[in-house]
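*Asks:* Quick one: the structure is below, questions incoming.
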Amino acid sequence: MKKGDEVHFQVIFRGWAGELLEADCPGGTCEVSAPQGIFLRDFFSQWLQGRPKAREYFWDADHKRFKAEVMVILNGKYQSPDEEVELREGDTLTILPVASGG
Amino acid sequence: MGDEPIYGYAGHLLRIDLGREKFERIPLSPDFAANFIGGSGFGAKFLYQEVLPGTQWSDPENKVILSTGPLGGSRVSGAGTFSMVAKGPMTDHGGTSQANGFFGAYLKLAGFDGLIIQGKAKRPCGLIIREGKVEFFDARHLWGLDTWETEKRVRKEGNYGRSISVYSVGPAAEKGVRFSVLCGDQGHIASKNGMGAVLAAKNLKALGAVRGSHRIPVHDEALLKKLAEQLLEKARTYRGGSIHQWGTAGIVGNLHLAGVLPVKNYTTNLFPAYERVNGQTIRKTMQLKPKPCWRCGIRHLHFVKVLDGPYAGTTGEEPELECVTAFGPLIGQENLGAIVMLSDLVDRLGLDANETGWTVAWVMECYQRGILTKNDLDGLEMNWGNVEAARSLIQKIARREGIGDILAEGVMRAAGKIGGQARDCAIFTQKGATPRGHDHRGRWSEMLDTCLSTTSTLEATGGGGPRPELYGFPPVKDPFDPLETGAANALVNGYKVFEDSLGICNFNAVDPRLTLECVNAVTNWNLDLPGAIRTGLKTIHRLRMFNLRHGQDIRLEAPSSRYGSTPSDGPCQGRGISPHWEKIRERYYEGMGWDKQTGWPLAETLRKLGLDDLVSDLPGER
């Protein structure tokens, strides 16, 4: 793939989401390249293919979306993974485990 | 009835008449246990049956039903929990509140599954429950003491050592502060709907349960052992083991990044210093001593000692998330030692940390904006982050002194009294229930739940949302979709209230199916998830009917203007719930089987749940 055909962005997995992916993303942070024009949900669907443990925790394969256990933040704003959002050069995606406590 | 052992139960309830200093042992029947389970289920049953419309929360005729459940006192991790049910002063209606520690387990080992406390003592009194009996004692010398000191004195005077669990009310309850709590086992709190005020109105200062020799029959001990180990392992590793490793405050950072951390009375969602006040920093910078509840293997709580900074030397219970949010970001301060100090202060005075936080933060905003002046506040300069001013204000509230007398009524009533712009920036539910320590503008399901709940606190949700996938339904697609929010809350409602009937801490009951298997191993029932949800729904409908019969106005099932406002920054910027509120509420009513206009349960809904006995209490059915 030619350089111009790709976008580069950062993916941050917080908390236990990061711990699950420690081998792939030391410290929970990954620099990622993907084909230009890729949508958020398609990116994760593909990216998690080779990471079965993380896929089992995060991804609802039937509905092709994140499970309610995680929340997606794109450039500091909540993002529904179901909307057709195109990832762009320099984006930051944060994957947060849903959290609540007494 | 009552002679044959019932698996999972001590076999008796205890009715205590404070005015007459008498008690009665009420045998449980297997049918009663299976129908009402325990905890909130027992409480709703007796509240509905015995507290009649017209009764006020402070009347001797109001009753407090405090019960454990079939897992209480068992080998299951964290099974020392109890649930209290009463008509309470925050909502002026029925509600429930739970606390952990040891009391639930010791109560069963003393021979009882629950207490029905009624009447009013002639003078401050205390109760000791021991080996199938109750001892009344004169507690005038304890009146005025804080909750930790009261506990210490009761323990020492009876020479009980660690064999007793003591819960008490603090000075705030004695003064009738509406958001006063019942506190015990050094820092565990039944915090919601002013349960402390209800007990203090009955002149009950303290109650203790002595660990006794009563044997609780378990149907299949070997199976329970295996299942309890599996459930504990699930609880320990749940969501990456965060609670076990970092305590409930370990999620402060994620709440901030998700836009759910309450900051400066909802004036912003940005709190860059969040890492200074999270659980990870507590664990790394403070002296810790484990403080587990009954048989708890998660052991998420500690005693802490602050080691540096202006509050070095301060000790107390490790602040839970809700204390961290209340006395950190919500009031605009980032000193962890101050959070420990203020958390300890409210526990000792017997105040609900959530409502105290909303109150202090609201006063601070009013002061910053000139709505309240130093003169109005008895000379206090309530700037954001002024910890010492917050400390003084909290003490004034507990004593109902000066401005504290108005604030002791809680945010909703105090804001109503001051009015104008002050009311517009106050965070409350129109029914008076206290929101938990989150910014629910980023979690619509929990705002809906807080405003519509019959329990006075979260009822359908908890744990970050409704999570229908746990019960075999598809996961929520969009947490900001109005129709989906209303539908999902109704879809899952029932299970959490069922869980509050079991006598187990919800940080341990992380897997509903495995929890149910434990219940079945103990009781020899054959309960499945739909059955558990249905049982919880019965309790919810009893409480709903109780509240409506006692005059609750469904027009008040809504957030205050600020609580339902639109975030102006942060991850959820621009996502406002208020324009959708009517639609969400209607969808929820529909899902629950309630009349969309009046909010009353439909007769067919009650019949479907087997609550035919309540149908005649519906308007127009008499």
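*Asks:* Report yes if residue B:584 is of a type outside the set (S, T, N, Q), modelled with pLDDT under 95 and surrounded by 14 or more Cβ atoms within 10 Å (Cβ to Cβ), otherwise no. Lay out the reasoning, then the answer.
*Replies:* Details: of a type outside the set (S, T, N, Q): yes; modelled with pLDDT under 95: no; surrounded by 14 or more Cβ atoms within 10 Å (Cβ to Cβ): yes.
No: the conditions fail for residue B:584.
*Asks:* Right, here's the next one. Determine which single condition residue B:84 fails, assuming it passes every other condition in (1) part of a helix (DSSP H, G or I); (2) touching a strand residue (DSSP E or B) at 6+ places or on another chain (Cβ under 9 Å); (3) under 22 Å from residue B:454 (Cβ atoms).
*Replies:* All conditions pass for residue B:84, except number (1).
*Asks:* So for segment B:220-233 (the condition being free of Cβ contacts under 8 Å to residues at least 24 places away in the same chain, part of a helix (DSSP H, G or I) and within 11 Å of another protein chain (Cβ to nearest Cβ)), does at least one residue qualify?
*Replies:* Taking every residue of segment B:220-233 in turn, none turns out to be free of Cβ contacts under 8 Å to residues at least 24 places away in the same chain, part of a helix (DSSP H, G or I) and within 11 Å of another protein chain (Cβ to nearest Cβ).
*Asks:* Being free of Cβ contacts under 8 Å to residues at least 40 places away in the same chain and among the aliphatic types (A, V, I, L, M) is the filter here; which residues of segment A:55-85 pass it?
*Replies:* A:61, A:68, A:71, A:72, A:73, A:74, listed by residue number.
*Asks:* Same structure again: Can you tell me which residues in segment A:1-51 are within 14 Å of chain B (Cβ to nearest Cβ) and of a type in the set (Asp, Glu)?
*Replies:* A:19, A:22
*Asks:* Name the residues in segment B:85-102 that are within 13 Å of the chain's Cα centre (by Cα) and within 22 Å of residue B:292 (Cβ to Cβ), would you?
*Replies:* Listed by number, the residues that qualify are B:97, B:98, B:99, B:100.
*Asks:* Out of segment B:412-437, which residues are in a helix (DSSP H, G or I) and buried (at least 23 other Cβ atoms within 10 Å of the Cβ)?
*Replies:* Taking segment B:412-437 and keeping what is in a helix (DSSP H, G or I), we get B:412-418, B:420-424.
B:412, B:414, B:415 - these are the residues of segment B:412-437 that are in a helix (DSSP H, G or I) and buried (at least 23 other Cβ atoms within 10 Å of the Cβ).
*Asks:* Before we move on, is residue B:536 farther than 29 Å from residue B:413 by Cβ, assigned to a loop (DSSP other than H, G, I, E, B) and among the small types (Gly, Ala, Ser)? Lay out the reasoning, then the answer.
*Replies:* On the way: farther than 29 Å from residue B:413 by Cβ: yes; assigned to a loop (DSSP other than H, G, I, E, B): no; among the small types (Gly, Ala, Ser): yes.
Spelling it out, it is not the case that residue B:536 is farther than 29 Å from residue B:413 by Cβ, assigned to a loop (DSSP other than H, G, I, E, B) and among the small types (Gly, Ala, Ser).
*Asks:* Can you tell me which residue within segment A:52-78, out of those that are more than 9 Å from chain B (Cβ to nearest Cβ) and in a loop (DSSP other than H, G, I, E, B), is modelled with the highest pLDDT? Reasoning before the result, please.
*Replies:* Step one: filter segment A:52-78 for residues more than 9 Å from chain B (Cβ to nearest Cβ), giving A:52-59, A:61, A:64, A:70, A:72, A:74-75.
Applying the additional criterion that residues be in a loop (DSSP other than H, G, I, E, B) yields A:61, A:64, A:75.
Numbers: A:61: 75, A:64: 69, A:75: 95.
Here the answer is A:75.
*Asks:* Is it the case that some residue within segment B:496-507 is at pLDDT below 95, under 20 Å from the mean Cα position of the chain (by Cα) and under 30 Å from residue B:108 (Cβ atoms)?
*Replies:* Initial filter on segment B:496-507 (at pLDDT below 95): B:506-507.
Now restrict to residues that are under 20 Å from the mean Cα position of the chain (by Cα): B:506-507.
If we keep only those that are under 30 Å from residue B:108 (Cβ atoms) as well, we get B:506-507.
Checking segment B:496-507: at least one residue is at pLDDT below 95, under 20 Å from the mean Cα position of the chain (by Cα) and under 30 Å from residue B:108 (Cβ atoms).
*Asks:* Moving to a separate point now. Hey, among B:260, B:304, B:252, which residue is more than 23 Å from residue B:425 (Cβ to Cβ), outside any helix (DSSP H, G or I) and among the aliphatic types (A, V, I, L, M)? If you could, list the steps in order and put the result at the bottom.
*Replies:* Details: B:260 fails: more than 23 Å from residue B:425 (Cβ to Cβ); B:252 fails: outside any helix (DSSP H, G or I).
That would be B:304, the only listed residue that is more than 23 Å from residue B:425 (Cβ to Cβ), outside any helix (DSSP H, G or I) and among the aliphatic types (A, V, I, L, M).
*Asks:* For residue B:484, which of the numbered conditions (1) part of a helix (DSSP H, G or I); (2) within 14 Å of chain A (Cβ to nearest Cβ); (3) crowded, with 24+ Cβ neighbours inside 10 Å fails to hold?
*Replies:* (3)
*Asks:* Kindly indicate which of B:448, B:458, B:491 is among the hydrophobic types (A, V, I, L, M, F, W, C), within 14 Å of another protein chain (Cβ to nearest Cβ) and outside any loop (DSSP other than H, G, I, E, B).
*Replies:* Working: B:448 fails: within 14 Å of another protein chain (Cβ to nearest Cβ); B:458 fails: outside any loop (DSSP other than H, G, I, E, B).
After ruling out the rest, the residue left standing is B:491.
*Asks:* Let me ask something additional. Working only within segment B:458-480, note down all residues that are acidic (Asp, Glu) and within 13 Å of residue A:65 (Cβ to Cβ). Steps first, answer last, please.
*Replies:* Here is the first cut: in segment B:458-480, the ones acidic (Asp, Glu) are B:459, B:469, B:478.
B:469, B:478 - these are the residues of segment B:458-480 that are acidic (Asp, Glu) and within 13 Å of residue A:65 (Cβ to Cβ).
The values are calculated or read from the model by the stated rules, or taken from the named source; none is laboratory data. Bear in mind that the values here come from a model prediction, so they are computed numbers and not experimental data. With ideal geometry, Cβ positions are generated from the backbone for all residues, glycine too; neighbour counts draw on all protein chains shown.
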